[in-house]
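The structure appears below as structure tokens.
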Amino acid sequence: MPFSTIAGHGRVLSLLSRAIARDAMPPAVLMAGPAGVGKRLTAVAVAQAINCLQPRSSAELERDACGECASCKRIARGVHPDVIILEPAGETAVIKIEPLREVVQQSQYRPFEGRRRVIIIDEADAATTDAQSALLKPLEEPPSASIFILVSSLPDVLLPTVRSRCPRLRFGPLAPADVARILVRDHQYSEADARAAAANADGSVSRALETESEDVSDAREAAQRLLQDTARSTQPAQRIAIAQNLTAGKGTPAEERNRLAVRLRSLGSLLRDIGIIASRADRSMLANADLEPQLEKLSASFDVERSLRAYTAVDQALAALGRNASAKVVADWLLLEL
Ligand SMILES: [Zn+2]
């Protein structure tokens with residue numbers, strides 16, 4: 001997958017592309033950022049751009065892979081001898097020291113056929129402490145023909161000694177429109193489903209894929225109803241009744257927390273959009289553009305300040321659910337804050 005087909009991350013991609021064109025790629029980098037935004041794809045695109053037999057260039061990308069030559073195709077299929085991807089394996093889902101040692105050993109030799117060997121360690125934070133320690137020497141004195149790319153959504157879990165040896169490339173969340181485009185292009189979503197799923201996914205394709213589309217449209221409806229109800233009512237007793245609707249449904253405590261989390265993410269997404277409308281910002285930024293008339297109406301009750309305060313409260317509620325707080329307690333608290 002060449003850089004040109006990766007959604008978002010324009011600045012990071014052009015930086016990488018320039019470094020590759022000028023033969024100035026650092027021998028080790030850490031690609032850090034939320035899960036499901038394209039870090040691993042970018043790492044593979046780096047390997048392709050370096051080893052492509054017919055590289056291209058454009059105004060934004062000084063050097064990019066063609067995606068079609070024998071080298072690009074083999075890298076994409078994971079069978080190029082000079083591009084190694086290490087990832088967590090087995091029941092414990094860790095990266096053990098043995099495969100890592102083997103890779104470090106290989107990195108000492110010249111590449112078989114490519115320009116440079118690229119070693120991608122995906123979910124590097126899942127490497128055991130031993131395995132991470134085995135990386136220290138090659139990261140410190142990298143073999144001249146090899147590049148190490150560490151990929152992680154939890155970079156702070158890595159050993160400080162590993163972190164300090166790798167310059168960090170930060171990946172942010174994707175724009176909802178980019179998530180939606182990927183869902184349509186690569187995952188056969190309809191436009192409407194893609195938009196609904198993307199609005200609820202915090203800029204992560206994997207999160208969008210994890211949530212069933214019916215769940216999302218239900219959640220969006222529930223969130224919309226809740227905002228209409230709270231816009232009208234200021235009585236605490238009524239608020240508590242609204243909170244009960246928000247947590248309606250049966251299941252184990254964990255299922256209740258998950259269901260509430262999906263609804264809260266919808267709520268946060270709607271509040272963000274209401275804030276955009278209330279502050280007269282650019283409406284092309286709306287994640288729920290299909291609900292624009294309804295959100296417009298709600299913005300009469302939720303001005304900039306109230307929508308921002310509510311958004312912050314939703315964020316805190318999600319964090320509390322992440323810490324295993326009970327769905328009912330979280331919903332009751334939140335409803336009094338909106
Ligand atoms: Zn190529």
> Which of the residues spanning region 45-56 are touching a residue at least 40 places away in the same chain (Cβ under 8 Å) and over 10 Å from Pro2 (Cβ atoms)?
Replying inline: Val46, Ala47, Ile50, Asn51
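Consider Ala223 carefully, then state whether it is under 22 Å from Asp315 (Cβ atoms) and buried (at least 16 other Cβ atoms within 10 Å of the Cβ). So that I can check it myself, show each step before the final result.
Working: under 22 Å from Asp315 (Cβ atoms): yes; buried (at least 16 other Cβ atoms within 10 Å of the Cβ): yes.
Spelling it out, Ala223 is indeed under 22 Å from Asp315 (Cβ atoms) and buried (at least 16 other Cβ atoms within 10 Å of the Cβ).
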> Looking at (1) surrounded by 19 or more Cβ atoms within 10 Å (Cβ to Cβ); (2) without any contact (Cβ under 8 Å) to a residue 12 or more places away in the chain, which is the one condition that is false for Gln105?
Replying inline: (1)
>> As an exercise: evaluate Ser17 against (1) closer than 27 Å to Val179 by Cβ; (2) more than 16 Å from the ligand (Cβ to nearest atom); (3) surrounded by 14 or more Cβ atoms within 10 Å (Cβ to Cβ) and give the number of the one condition it does not meet.
In response: (2)
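Are any residues in region 12-47 among the charged types (D, E, K, R) and within 17 Å of Ile75 (Cα to Cα), and if so, which ones?
Narrowing region 12-47 to residues among the charged types (D, E, K, R): 18, 22-23, 39-40.
Correct list: Lys39, Arg40.
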> Can you tell me which of Glu123, Glu140 is touching a Pro at 6+ places or on another chain (Cβ under 8 Å) and open to solvent by 30 Å² or more (accessible area, probe 1.4 Å)?
Replying inline: Glu123
> Which ones in region 263-279 are surrounded by fewer than 21 Cβ atoms within 10 Å (Cβ to Cβ) and touching a residue at least 60 places away in the same chain (Cβ under 8 Å)?
Replying inline: none
> Of all residues in region 37-74 being within 16 Å of the ligand (Cβ to nearest atom), of a type in the set (A, V, I, L, M) and farther than 29 Å from Asp156 by Cα, which is most open to solvent (accessible area, probe 1.4 Å)?
Replying inline: Leu53
> From Gly203, Gly251, which residue is surrounded by fewer than 17 Cβ atoms within 10 Å (Cβ to Cβ) and on the phi > 0 side of the Ramachandran plot?
Replying inline: Gly251
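If you take the residues of region 143-190 that are of a type in the set (A, V, I, L, M, F, W, C) and in a loop (DSSP other than H, G, I, E, B), which of them is surrounded by the most Cβ atoms within 10 Å (Cβ to Cβ)?
Leu174
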> Within the set of pairs 6+ apart or on separate chains, which have a first residue in region 66-93 that is over 19 Å from Ile121 (Cβ atoms), a second that is within 16 Å of the ligand (Cβ to nearest atom) and among the acidic types (Asp, Glu), and C-beta atoms under 8 Å apart?
Replying inline: Ser71/Glu113
>> Quick check on my filter: what residues within region 280-302 are of a type outside the set (Lys, Arg) and either under 18 Å from Ala201 (Cα atoms) or open to solvent by 80 Å² or more (accessible area, probe 1.4 Å) (or both)?
In response: Asp282, Ser284, Met285, Leu286, Ala287, Asn288, Ala289, Asp290, Leu291, Pro293, Glu296, Ala300
>> Restricting to region 20-36, name every residue that is assigned to a loop (DSSP other than H, G, I, E, B), open to solvent by less than 40 Å² (accessible area, probe 1.4 Å), touching a Ser or Thr at 6+ places or on another chain (Cβ under 9 Å) and under 24 Å from Ser107 (Cβ atoms).
In response: none
> (1) away from the ligand (no atom under 16 Å from the Cβ); (2) surrounded by fewer than 24 Cβ atoms within 10 Å (Cβ to Cβ); (3) within 18 Å of Arg170 (Cα to Cα): which one isn't true of Ile85, the others all being true?
Replying inline: (3)
> Which of the residues that make up region 63-110 are in a helix (DSSP H, G or I) and among the polar types (S, T, N, Q)?
Replying inline: Ser71, Gln105, Gln106
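The values are calculated or read from the model by the stated rules, or taken from the named source; none is laboratory data. What you see is a predicted model; the values in this text were computed from it and never measured. As a convention, Cβ positions derive from the backbone with ideal geometry for all residues, glycine included, and neighbour counts pool all protein chains shown. The accessibility values were calculated without ligands, DNA or RNA, using every heavy atom of the protein model including side chains. Shrake-Rupley method; radii C 1.70, N 1.55, O 1.52, S 1.80 Å.
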